Every structure is written in structure tokens, then in C-alpha cells.
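Computed from the coordinates by the stated procedures, all read-outs in this text should not be read as laboratory data. What you see is a predicted model, and the numbers here were worked out from it, not measured in a lab. Backbone-built Cβ (ideal geometry, glycine too); neighbour counts: all protein chains shown.
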Amino acid sequence: MKRTIAAICLALLLSTAANAQNSCYKCHLQNEGSGPGPAHDWPTSIHFRNGIACADCHGGNPRSDDPLVAMNRARGFLGKPSPTQVPNFCGKCHEAIRDNYLESAHAKALFAGVRPAPNCVTCHTAHRQQKVTLDLINPQTCGQCHSYDRAARLKEAMGGMEKDLTSLSKEERRIFLNGIDTEEEQKALFDVRNRVHRLTHVLDINKILPELAAVRPDLNRVQHEVDLKQKELEDRRHQGNILMGLFFVGAIAAYATHKKLMEPHTREK
Amino acid sequence: MSDVPLDPEQRQSEPQHRDTSAQPRRNFLEWLLGVVVAVSALTFVAPMVAYLSPRRTRKGTNVLMGSDGRPVPYKELNTNPVVAGVGVNGEPTLVVKYSGEVRAFSAVCTHLGCLVKWNAAKSEFLCPCHGGVFDANGVNVSGPPPKPLKRYKVFATAEGEIGLEEVRA
Amino acid sequence: MPIIRPVLNWIDERLRIHAIIRATLTEYMVPANLTLWHTLGFVLVTCFVIQVVTGMLLLVYYVPDTGRAFDTVKFITNKVPYGWLIRDLHAMTSHVFVLAIFLHMASTLWMRAYRTPRELQWITGMILLGLVLAAGLSGYLLPWSQLSYWATTVATNAAGSIPRIGHTLVLWIRGTPNVSQYTLGRFFAMHVSIIPFSILAVIGMHLLFLRLTGIAVPGGEDKATVRKVPFFPHMVTKELASVFGTLILVNLLIFYFPQVNFPEDALIPANPLETPAHIKPHWYFLANYQFLKIVPNEFLGIILQVIVGVVLFFLPFLDRGKKSSRLYDGVFYTVVTLAILGYIGLMVWGYYS
């Protein structure tokens, strides 16, 4: 809890710092009037909350109020990317995701000229991105162009793995907070999580299922280690309880002995 | 010498005779207390003894470890006729190439424990401490060492390390 | 066994152990109306022994180097047989140690047992309080976790607010401008040598003074007329009961409330480049911490606390017991009650702030 609060405080701090000198935001907010528009959307985005500002993606000079200076293409301003430019636009930072996406049927449709065809902003929006969940795969979004059944199978497969990963991470964390070293398990889980999350943009159920199956043994190995450590913790607690019982008996025996010894001295009062 | 009570106002109260009327009950309590104290003491001492116990020798393949803490690769022997290292349980070991075969010996001199060095020119091990000499078979041939050097069979492991197997004479 | 008696006699002829046992145990008479509060002294000695023994064991594997401190502690808690128990015992008993000292101080304060002729017991007791808190502070840096590093940084910063000499003082405490290997070195040296030896010596003095003046009789009855019982076994059994109770408390802390000493930041290695959010000192420094937060001027906050400390230290000379009117007593107990409640209040406030 405290960590979340700290992260949010830090993020707010960063975001205000980054967006403080932000002529892009100021002008576009004004231009949009009462909205809607990118500037109105922007404060809700997870990118904003993590201190990313307009110029970080679009280029340009946020410190100038002069549009000719702020949006000078010769000086690196990119403007609004076209649909086929979007993957590389977001891929500047999200490289591995872009690489996965480019192999998918969605990318092939996009570059073959099918319109509409999904690129990043189709599912993630341009200025309202939130932390990803599997619910980005849903009948409304996916059903726009084709039937939902393939997406449903994908979501189910990924969902199962995600649930296992989350519960295993929770178990590992509980053990860690009890003082047992789980560095190896943390590293393995980090690795598994990355391999799984990279699958989200491959979109071919025939590629995803084998990969998920390949990850299972590693997950099972971590589960095994975590179970062993959990058992270790329980064993220790049992030993502790036996000791406590012993001390309890000792305390009572000592006090009772004391009372018996003191009886003749307290009797006549 | 009489008692020297430290408190100047120390004085004997009525002599503390045991109150015999409640004897059996108090005896059981005292016995119980004694047992619990003794068992508690044991439960403290036992973990401390375990805590101080020496590290268990590691089972599994014995491989030669370099000074960087990692196994020495077998191909090291192609470039170096003598490879020095440490076995997994910490014993200094020398691996030498002699008349076409690879041999390994414990580098610990059997006299007083100094580390021997391989002299390729003379094909012998020399101990610098008291001049003990071992031949190319590890047999003690000169000086104070009473026994031959411990010998190992050398093999390449699946991971390309230098495996050592103790040869029981 | 027939050998025991002659051996004991041989020792007795040279060391007079039978006389010593009689004088210190079986014929050492103490008031019959001593309470459980009076067992706290023995509880404290037990805590000290636990700390020394577990501390010495930890010394076998611990290395006081910033690159290795955290790893050697991790090694102890994960790889050494019962290392986790030794380490947790050491960590949790330190808390019980401080709690017992506070309770012992409070009960002595309430019973006004520091008054003539027992001033030196109080003085040595206050010195022991300082030494034990210093042990806690110095020991806390040794695991070199995030909490260790930053809690020490915050705590040693406090000295910096003293005008003119503050900066030099902090430099002397830390060895370098920031907490570093040099800080670890001097804190480690203090924690394992000068502090335990000093505590041992001062405990010796404390007990010597106690034997010389006799225990203050609860209720103020005259020493000569009050009913007395032999220390052994009458009082010793009571103290044993308290010790078992203490061990139960330590056990509970180790197995059910590890977060008392190990919040998450105590489980990750120190990172001098990243301050975790919400670094707080342990509970026994929370009142001081909160007090410094509410007093606007940091130096004033320290000076006020020093004044309180000095008043407490010299209490036997301020409250001699000569003028014991009901008004005086009433004022005294009101002040003490408010002070204790205020201290606890500050501590709770510090926890939630």
C-alpha cells in the first residue's frame, strides 16, 4: 500500500514537472475548448501519470509558445502519425511489442491496405491508455471486424496463465516478507512474465498455445520451490509453537511454585 | 569464615524450613519446573550446536575450480601443461600432462600440509617447505613425506569441465 | 555421584562458594511484597545474555563490509542450520530488551525507588538506557538493507541541526559525509565491543549498588520490620515465570509478527541512490521522531529533548523525598502520568503520521 502511494506521489511529481513547461498541452487544451480531444484525454493516461509528455512521442519544442517553433518538422516535430506509422511511433519505446505485432495478422492487414485495420491505438487508444489488462480483448473491440471466437480462445488461454502467474507471485511475495530468500524465484517469475506478456500481440493461437506450454515447466519449477519454502515456514512455525507451549508450562509451573513458597508468608497478614 | 552479608541490615528471618504439609504438590511442581527448565536449556543449546556445525561436504561430481570460483574448462589443458585449482570441497589440486596422459594429484604435501609444485623438467613434485619430493606417480621418493600424494582420475564432464574422481589405492 | 561432593568441597575451601551462595541466594532476604514489576531486572539480564550469545554466534558468519554484509546475513538466515532462529532471536530480543527497560524505568519512577540512598542505581540505570538504545541504533545498520541505510541516515542527520558543531558532529559519527563503509566499520566496532562491555560493567555497578542499599520496599514500609523471604527460591521462581513470559513474547514476535523488525525495506539491499518512501525509525524512537517533526525548529526540538533527558537523569536529586506533602505527591504523580501518556501518544502519532 505504502509503495503504491509512494509511486503515485512520485509519478504525480514527475508528471507535473514534465508537463509544467508544456506549451503543446496549453495550446491544444485551449483549442479544444470544452473538448473532447487529445489534450482533454491526456491527464487520464498512464503515460501522463508516469511523467511522459507530448514532445516525448511527438517531438517538437514544448518550451516555446510560437507554433512555428514548437511544431517545426525540420527540428524533429513528428505530428500525427498515419495508421501505418503508428506501430513504429509507439515502438520507439515498446520495441518488443512492436516486433511481435509486426508478425501478426493485424499488421499484415494494416500494411496490405485493409481499412479499417487495427494498429496500437485501435485497442489502446492514443491518449487514454491505461495499465493493460486482458479485458482489452473483448467482443466490442474485436467484434468490429471479425467474429469473436478466436479472440475468446486466446483470452482464455492467456487468462489462465495470467491467473497462475499472479497467484504464484502472491505466494512468493508472502514467503519473501517472512524473511526467506526468494531471489531465484523472483528472477524466474520475472522471466516467465516477460515471455508470456510478449505473446499478447502475436495473435496466432497456434503460436501462442505452444509457447504457453513451453513456459509451464518453468512455472512448475518455481511453484515447486515456493511450495518447499512454504513448507519450511510452516515447519518453523510448528517448532515455534511447541516451544511456546513449553514456555507456557514453564511459566505456570514457576509461578505456581512461587505462590506455594510464598503461602506461609502471606497467610498471616 | 562466617557469612558476610553485603546489606548491613541483612538479618535472618525465621529459619526457612520447608512447609511439609503441602509437600507432595510442591514436589511435583518443582519437578515439573526443573524438567521444563532443563528441556528449555536443551532447546537453546541444540540449535546453537547445529548453527556452528561445519559445512557439509558437497556431494556430486568433483570438478576443478579456478581462483575466480568457477570451474576450469577442460580445454585449458590444451594450452597449459599444468593447471592448478581447487576441488569442490576446497582441496588444492594439480592437474598435469605427463607422457601423453592427464593426471591429477592433491597438491597438499603429506608431510605437514604445504602445497607442492610440479617441476616439468624433472617430472617430479617438489615441496618447498622441507624439500619433500614426489615422482610423476605421486609416490613419495625423497625427504620427509610419509605417504604418496592423493591421486585423482581426470575426465571431461558433459559441461566441458575438468572432472576429478578419487583413486582409492 | 561420590565425586561431586569432594570436588565441591575442594572449590569451597578456596573460593568459599557455599558462603557466596548463601549470601547471594538462599539467605539473601528480600521483602515479601515484591511484585512482578520487580522481576523486570532479571528479565533484562536475560535479554542481555540472549543478545550476547546470539550476537557472538552471528559474528561467526557475518562480514561487516558493504559489499558482503547483506549477503552474509542472507546466508545466515537461509543456509546456516537454525541461522534464521539465531538472527530472528537477536533482532526480536532487541525490541523486548528496550520494552523491558522502559517498563523497568516506569515502575521505578512510579514507586520512586530512585530516592535516597538509591541515586546511583538510577544514574547507572539511565546510563544503561543510553547504552542499550545506542546498541539498537548501531546494530540496525549492520544488515545493510534499505531500511538500515536510510534509517541511519535520518537518525544521524538529527545531530546536524546543532549550530556550529552539528556538521562536524555528523561527520564524526558517520566517518564520511554520507553513510558508507566507514560508518559500517565504526558502528560495527561499537556494537560488538565497547557497548556490550560497557553494558556489562554498568550492570555490575547497578547490581552492586542494589545489594549495598537493599531493594526499596514497595509501599515504603521500614526495611527492618517488613516481612522478608529468601531470594532463592522464593523470588527466583517468580523471576523464572517472568523469563518464560518474555520468551513467549519473543517467540510470538519471531513467528507471528516478523514485520515488527522486518518491514519490506529491511529485506532488500541498501541502495544509496534511492530513498524508499516513508522511512521511519523503530517504535522506540518514534516519539523522538514525531517530537522533532512537530517542533518547527529542529535544533529547538533536540534541545528540548536533551532537557527532558537531563531532568530524568538527575531526578533523584530533584525529588529527594524530603518534602512529601500530599500536594507535592499529587503534582508528582500527575506529571509522571501525563509524561508517560504523552510519550505513548507521540509514539502512536509517529506511527500513523
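Spacing of the modelled spin labels on C:Asn297 and B:Glu91, each 7 Å from Cα toward Cβ, amounts to 7.4 nm. Just to check, using Stokes-Einstein with a Kirkwood Rh over alpha carbon pairs, what's the diffusion coefficient of the protein assembly as shown at 4 °C and 1.567 mPa s in µm²/s? It diffuses with D of about 38 µm²/s by this estimate. FRET efficiency for the C:Ala189 to A:Asp135 pair, using the beta carbon distance and R₀ = 56 Å, is estimated at 0.45. Along its first, second and third principal axes, ordered by size, the stretch B:39-111 spans 64, 29, 19 Å in Cα coordinates. For the stretch C:69-146, the C-alpha radius of gyration divided by 2.2 N^0.38 Å, with N the number of residues, is 1.48.
In plain terms, the residue of C:Glu298, A:Glu183, A:Glu156, C:Glu27 with the fewest other Cβ atoms within 10 Å comes first and the most crowded comes last, giving A:Glu183, A:Glu156, C:Glu298, C:Glu27. With the simple spin-label model, which puts each label point 7 Å out from Cα in the Cβ direction, the A:Glu234 to C:Leu200 separation comes to 4.4 nm. Here the relative contact order of chain C, from alpha carbon pairs under 8 Å that lie six or more residues apart, stands at 27 percent. Estimated at 0.36 nm per residue, the fully extended path between C:Arg14 and C:Asn78 surpasses their Cα-Cα distance by 18.2 nm.
Between C:Ile307 and C:Asn157, residue separation times 0.36 nm minus the direct Cα-Cα distance comes to 52.0 nm.
Over all Cα atoms in the stretch A:143-189, the spread is summed up by Rg and Dmax: 16.5, 51 Å.
Mean projection of the alpha-carbon convex hull of the stretch C:32-285 over all orientations, in nm²?
Over every viewing direction, the Cα hull of the stretch C:32-285 projects on average to 15.4 nm².
Checking the cross-link pairs A:Lys131/A:Lys170; B:Lys147/C:Lys79; B:Lys97/B:Lys147; A:Lys187/C:Lys280; A:Lys80/A:Lys207; B:Lys75/B:Lys147 against a 27 Å limit on the alpha carbon distance flags B:Lys147/C:Lys79; A:Lys187/C:Lys280; A:Lys80/A:Lys207; B:Lys75/B:Lys147 as lying beyond it.
When each of the peptides C:241-249, A:89-97, A:197-205 is scored by the mean number of other C-beta atoms lying within 10 Å of its residues, the order from highest to lowest reads C:241-249, A:197-205, A:89-97.
For C:Asp71, put the label point 7 Å out on the Cα→Cβ axis and report which residues of the stretch B:55-75 keep their amide N under 13 Å from it. Answer for this model: B:68-70. Straight-distance candidates among the aspartates and glutamates for linking to C:Lys228, with alpha-carbon spacing under 19 Å and chain neighbours fewer than 8 residues away dropped: A:Glu263, A:Glu268, B:Asp3, B:Asp7, B:Glu9, B:Glu14, B:Asp19, C:Glu27, C:Glu239.
Based on the alpha-carbon gyration tensor of the stretch A:81-130 and its eigenvalue square roots a ≥ b ≥ c, which shape applies: rounded if a/c is under 1.5, prolate if not and a/b is larger than b/c, or oblate?
Oblate shape, in that a/c is at least 1.5 and b/c is the bigger or equal ratio.
For the stretch A:47-72, the residues whose amide N sits under 15 Å from a probe point set 7 Å from the Cα of A:Lys80 along the beta carbon direction are A:58. A Cα-only calculation for the stretch B:116-169 places Rg and Dmax at 13.2, 40 Å. For the stretch A:147-244, the relative contact order works out to 36 percent when only alpha carbon pairs closer than 8 Å and six or more residues apart are counted.
Modelled this way, with points 7 Å down the Cα-to-C-beta line, the labels at A:Ala105 and B:Thr79 are 5.4 nm from one another.
Partner shielding of C:244-252 amounts to 6, given as the average count of beta-carbon atoms from other chains within 10 Å of each residue beta-carbon.
If you take the beta carbon distance between A:Ala112 and C:Val63 as r and set R0 to 60 Å, what does 1/(1 + (r/R0)^6) give as a FRET efficiency, to the nearest 0.05? Computed FRET efficiency for A:Ala112 and C:Val63: 0.40.
Taking Cα atoms of the stretch C:294-341, Rg/Rh with Kirkwood Rh, to two decimals? Can you show the working numbers first?
Details: Rg = 13.6 Å, Rh = 12.5 Å.
Ratio of gyration radius to Kirkwood radius for the stretch C:294-341: 1.09.
Evaluating 6.51 cos²θ - 1.76 cosθ + 1.60 at θ = phi - 60° for every residue in the stretch C:255-262, the Karplus couplings come out as 9, 10, 10, x, 5, 4, 10, 10 Hz, glycine and proline recorded as x.
Against the 2.2 N^0.38 Å scaling, with N counting residues, where does the stretch B:62-166 land? I'd like the Cα-based Rg ratio to two decimal places. Dividing the Cα radius of gyration by 2.2 N^0.38 Å gives 1.01.
Using C-alpha pairs below 8 Å separated by at least 6 residues, the relative contact order for the stretch A:81-130 is 34 percent.
Sorting C:Tyr333, B:Tyr152, C:Tyr289 by the number of Cβ atoms found within 10 Å of their own Cβ, with the fewest placed first, yields C:Tyr333, C:Tyr289, B:Tyr152.
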